[in-house]
Amino acid sequence: MIITAMGSWNPAPGRLLEWHPTPAAQARAATAPVDSTPPSFLQEDHLKAAWAARQRGDVHTAYTGVATEIDGDVDTAAMSRALAAYVLRHEGLRCWFEVESTGVVRHLAEPEVAEFEAVDAGESTDDDEFQRYVRRRFSTEATADVWPGFVIGVVSRPGSFTLYYGADHAFTDGGSQALVISELADLYALEIGGRAPKPAEAGSHLAYAAEERARAATYGPDSPEITAWRDIFTRHDGSMPRFPLDLGLAPGERAPVRIVERHLLDAGEVAAFDAACKAAGARMSSGIFAAVGITDFELAGTAEYFGITVLSTRHHGDYGQSQGWFVNFAPVAFEVAGNEKFSDVAALAHSGFEQAKQIAEAPVHAVLGALAADGTLGSELAVSPNMLSYIDFRWFPGVGRAADTRAKHFTGEGSTSNASMWINRDGEHLYLVAQTPDTDTAATSVERYHAHLAHVLETIAREGNYVLSLDHLVQEPAGAGHLDH
């Protein structure tokens, strides 16, 4: 599986098939009773933001998708049964939500709602036409206010077919999308009498949401996790992290997203980089942060790396193969200035990343509430931070099977004021995907930044270390935490 831009996914032409609930199932879902389980914190934020966007008339782009190639002619009846089995495995997928003045209301449909049928939607003959078609499906059907909050379809041709799935972000995260395509392929293979592992049991996202609320209530303003957040943000003037180079935007301004992709290291170079991290007393994840911190330092004079990362929360229950939003956010901070080599920075990055994992045990909304109450963040609560995510896809359960190997994972593309990066490792290489503002200045800055990051990584892989230098600093640094030159 590779994370890529949606526009890079152009399956071979074929017959377009869509799966929809039967009329009886749709009627059951529409009258589903209210369930008392609250949404998770991230679900609630997302649902309120989606409702506000709808009120403004914005196109819905808060969805994620995944697609793969399957050998053999598609058996529509078997796919209908596989989709029903998939929905029955994940209770959260039987939900839809209303946003009211008093908050978010969850509706939970009975298991009988899992009944689907295939619909012929015509022929796909042109890449641009297909992109318009599938984006329209995702933006109008993968929404959380009408069930189902996901779409599934096939591009069918003799001897093979493309299977795709997309869901409103309320029902999924990146890990879930990495799991779903293999699970659907396995369930389909079992339905047609093929050989495939039976999916493991998966805990309910409803149970997770209730547990998250209860866990958040155990944290107070003086809890060590919240104190650590406060200390980090206080050192950075109560500001959210931002991309260190000029993106051509005024403060608070956003621009349409442009997806940027870059190969960083091949498999042999990744192994060498991993060895260099271990020699420095760090894991590869920490080494990635160290390399990014060095890049910030050398291009923008940033004395201390400061970013927000995404961490899985699936360890809080039997959620290893569950569908839902199982993540939390935490700051990562460590000194870069004053260190001579990557090995020095990597050790500090390791400590910073380990601290992030510890403080991520506190749900981020409990933290933000405390930091808002004491004035640490203030207006920055409304600011989207520059983020860095690292995922090692080699450990996902579908790895090695055809559906996963052929899979592409993509997101909707809205607007941004940052250039957040998703750096990923698989069996073939290390690569990055970034959501960047579509401005000329951003294009130049991001290219320069990614090229230098690749240079840092390649040098470490080749030589086992890297010597820091400010020779690349060709602009006046801006913002707190930068060196004066």
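Summary table
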{"quantity": "Furthest towards positive pole of dipole, Gly248, Ser285, Leu348, structure part the stretch 235-381, Cβ charges", "calculated": "Ser285"}
{"quantity": "Whole-number percent relative contact order across the stretch 173-305, with pairs defined as alpha carbons under 8 Å at least 6 apart", "calculated": "11 percent"}
{"quantity": "Label-to-label distance, nm, for residues given as Ser101 and Ser379 (7 Å Cα→Cβ offset)", "calculated": "3.0 nm"}
{"quantity": "Peptides ranked, highest mean first, by Cβ atoms within 10 Å: ranges 214-220, 176-182", "calculated": "176-182, 214-220"}
{"quantity": "Cβ-placed point charges (K, R +1; D, E -1), dipole of the chain about Cα centre in debye, nearest 20", "calculated": "540 debye"}
{"quantity": "Accessible area of the chain belonging to carbon and sulfur atoms, whole % at 1.4 Å probe", "calculated": "52 percent"}
{"quantity": "Local electrostatic count at Phe306 - Lys and Arg +1, Asp and Glu -1, tallied over other residues with Cβ under 11 Å", "calculated": "-2"}
{"quantity": "The stretch 355-485: C-alpha gyration tensor shape, a/c 1.5 cut-off, then a/b vs b/c", "calculated": "oblate"}
{"quantity": "Relative contact order of the chain, defined on C-alpha pairs under 8 angstrom at six or more residues apart (%)", "calculated": "23 percent"}
{"quantity": "Cα-based Rg / Dmax (Å) for the chain", "calculated": "22.8, 69"}
{"quantity": "Geometric extent, Cα atoms of the stretch 273-365 - Rg, Dmax (angstrom)", "calculated": "14.6, 44"}
{"quantity": "Angle in degrees between helix 127-141 and the longest Cα principal axis of the chain, rounded to the nearest 10", "calculated": "80 degrees"}
{"quantity": "Mean separation of Cα contacts under 8 Å, 6 or more apart, over the residue count of the stretch 331-473: relative contact order %", "calculated": "23 percent"}
{"quantity": "Counted charge near Ala373, where neighbours are those whose Cβ lies closer than 15 Å (Asp, Glu -1; Lys, Arg +1)", "calculated": "-2"}
{"quantity": "Charge dipole (debye, nearest 20) of the stretch 159-217; +1 at Cβ of Lys and Arg, -1 at Cβ of Asp and Glu", "calculated": "80 debye"}
{"quantity": "Stretchable slack from Asp438 to Val59, in nm (0.36 nm times residue separation minus alpha-carbon distance)", "calculated": "134.7 nm"}
{"quantity": "Calculated log₁₀ intensity ratio I(q)/I(0) where the Debye formula runs over C-alpha points of the stretch 281-429, q = 0.18, 0.19 Å⁻¹", "calculated": "-1.29, -1.37"}
{"quantity": "Computed label-point distance, nm, for sites Ala52 and Ser469 using a 7 Å Cα→Cβ extension", "calculated": "4.6 nm"}
{"quantity": "In nm, spacing of pseudo-spin labels at Ala214 and Ala250 (7 Å Cα→C-beta vector)", "calculated": "5.0 nm"}
{"quantity": "Between helix 41-56 and the chain: long-axis angle, C-alpha atoms, 0 to 90°, nearest 10", "calculated": "80 degrees"}
{"quantity": "Extension reserve of the Arg448-Asp126 stretch, reckoned as 0.36 nm per residue once the Cα distance is removed", "calculated": "112.5 nm"}
{"quantity": "Radius ratio Rg over Rh of the stretch 94-212, counting only Cα atoms, Kirkwood formula for Rh", "calculated": "0.99"}
{"quantity": "Helix 342-359 axis, angle to the chain major axis (alpha carbon atoms, nearest 10°)", "calculated": "50 degrees"}
{"quantity": "Rounded accessible area per residue of the chain, 1.4 Å, Å²", "calculated": "40 Å²"}
{"quantity": "Candidate lysines - alpha carbon under 22 Å from Lys341, same-chain residues fewer than 8 apart omitted", "calculated": "Lys278"}
{"quantity": "Cα gyration tensor shape of the stretch 375-426, rounded if a/c is under 1.5, else prolate or oblate by comparing a/b with b/c", "calculated": "prolate"}
{"quantity": "Surrounding net charge for Gln323, when Lys and Arg each add one and Asp and Glu each subtract one, Cβ distance under 10 Å", "calculated": "-2"}
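The values are calculated or read from the model by the stated rules, or taken from the named source; none is laboratory data. What you are looking at is a predicted structure, and each value in this text was computed from that prediction instead of being measured. Cβ sites come from the backbone with ideal geometry, for glycine too, and all protein chains shown count toward neighbours. With ligands, DNA and RNA removed, areas are computed over all heavy atoms of the protein, side chains included. Shrake-Rupley method; radii C 1.70, N 1.55, O 1.52, S 1.80 Å.
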